[in-house]
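Undergrad: Would you mind keeping the following structure in view while I ask a few things?
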Amino acid sequence: MTSRNLSVPGFLVGLVLAALNVIGCGGNSNPAAPSSSAAPPNISGTFSGTGSDSTGPGRVTWQLTQTNSTINGTMTASTPLRSVAFNGTLSGTLSGTTLAFTVAVPAGGVSDSPGCTVSLTGTAAVSGATITGTYTGANSCTGAFTDGQLTLTKS
């Protein structure tokens, strides 16, 4: 029977040194703290501009308040000659610079059709004092509308 001359303490020291070498070369004992996401932009205030969808163009105004990432406010819109006006509420969530929003116009909120309601959903990009977005929705009296686009600027 032959015996191998393995020095257990030497073998263990070699493993420990190899492990320390790997940790020292590739590991980081003080990892950087995760970067905190930037606070969403403040979009409280009045934004107005244009909107257009499959029913035609119009003027749009949003009066917004913001608490952290929660957005609430009012929306008014009118046809180009202001022959029809819409008054509703807006709610949304701001994630970074993206606003997901819904608008509800209750019965009585459409000037020429007091029995109709309107609802729409959309997303918009916030860049400085401008909100640019898309939306779709439905009018309870006339049906769905599509291809909505809006561009609003803070006053």
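Undergrad: Only one residue in V126, V84 is in contact (Cβ under 8 Å) with a residue 60 or more places away in the chain and touching a strand residue (DSSP E or B) at 6+ places or on another chain (Cβ under 7 Å). Which one?
TA: When all the criteria are applied, what remains is V126.
Undergrad: Next question. Since S83 meets every condition but one in (1) surrounded by 15 or more Cβ atoms within 10 Å (Cβ to Cβ); (2) part of a loop (DSSP other than H, G, I, E, B); (3) small (G, A, S), which condition does it not meet?
TA: (1)
Undergrad: Please determine whether any residue of the range 28-38 is farther than 17 Å from G137 by Cα, modelled with pLDDT of 95 or more and not aliphatic (A, V, I, L, M).
TA: No - not one qualifying residue is present in the range 28-38.
Undergrad: Which residues, taken from the range 135-155, are surrounded by 14 or more Cβ atoms within 10 Å (Cβ to Cβ) and within 20 Å of T89 (Cβ to Cβ)?
TA: Within the range 135-155, Y135, T136, G137, A138, N139, S140, F145, G148, L150, L152, K154 meet the criteria.
Undergrad: Considering every residue within the range 108-118, establish whether at least one is of a type outside the set (A, V, I, L, M, F, W, C) and assigned to a strand (DSSP E or B).
TA: No, the range 108-118 contains no residue that is of a type outside the set (A, V, I, L, M, F, W, C) and assigned to a strand (DSSP E or B).
Undergrad: Look at G122 and say whether it is crowded, with 22+ Cβ neighbours inside 10 Å and either touching an Asp or Glu at 6+ places or on another chain (Cβ under 9 Å) or modelled with pLDDT of 95 or more (or both).
TA: Here the answer is no, as G122 does not meet what is asked.
Undergrad: Ok, one more. Just checking, does the range 129-150 include any residue being acidic (D, E) and within 29 Å of P40 (Cβ to Cβ)?
TA: The answer is yes, given that some residue of the range 129-150 is acidic (D, E) and within 29 Å of P40 (Cβ to Cβ).
Undergrad: Within the group A138, A125, which residue is in a strand (DSSP E or B), of a type in the set (A, V, I, L, M) and over 22 Å from G96 (Cα atoms)?
TA: A138
The values are calculated or read from the model by the stated rules, or taken from the named source; none is laboratory data. Everything numeric here is computed off the predicted structure, so don't read it as measured data. When we count neighbours, we look across all protein chains shown, and the Cβ atoms used for this are built from the backbone with ideal geometry, even at glycine.
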